[in-house]
Amino acid sequence: MRTPVLAAALAAILAACAATADPGGPPVDEARVGLVEWDITASATRLADGLVSFDVTNAGTTAHDLRIEADGRQLAATPLLDPGQGATLTVDLVDAEEVFLICAVPGHREQGMRRQLPVGP
């Protein structure tokens with residue numbers, strides 16, 4: 001009887017630790033971003049507080065774009081990128097706590113093309 005209770009308690013503790021775990025890696029000032037159906041990949045797990053450069057590539061099979069938002073406002077956006085095309089965006093993340101990377105093509109965000117990254121140490 002105690003084994004299932006202990007297993008459930010251990011699972012709850014591990015889930016709580018995972019939910020509050022700090023993303024690994026130091027903050028970076030350059031990040032590679034890949035746009036694919038239906039995901040946005042990023043080489044960074046944490047961004048620097050200051051100027052950050054995003055090297056964006058559409059690695060998918062349909063057109064995508066990238067919008068960078070923080071604190072409820074748009075900081076930068078690429079034009080619509082055809083498959084294989086890329087762009088570079090540089091944004092100032094001073095005082096931002098987190099940024100949101102979003103594909104603004106209608107329906108793409110809802111299909112999973114969004115990523116949230118923390119900013120700072």
With θ set to phi - 60°, apply the Karplus curve 6.51 cos²θ - 1.76 cosθ + 1.60 along the range 67-77 and write out the HN-Hα couplings as whole Hz, x wherever there is a Gly or Pro. 10, 10, 10, 8, 6, x, 9, 7, 9, 6, 7
Under-5 Å amide H pairs with ASP65, H placed in peptide plane, nonlocal only: LEU81, ALA104, VAL105
Please list, short to long, the whole-number percent of alpha-carbon pairs of the range 25-118 in consecutive 5 angstrom bins beginning at zero. 3, 15, 28, 27, 17, 8, 2, 0
Work out the FRET efficiency for THR61 and THR88 from their Cβ-Cβ distance, taking R0 = 25 Å, and round it to the nearest 0.05. 0.70
Amide H within-cut-off set for LEU93, under 5 Å, with H built and near neighbours excluded: GLY50, LEU51, VAL52
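The numbers here are math on the coordinates, done by the rules we state, and not lab data. None of the values given here were measured: they were computed from a predicted structure. Because the Cβ atoms are built from the backbone with ideal geometry, glycine has one as well, and the counts that use them run over all protein chains shown.
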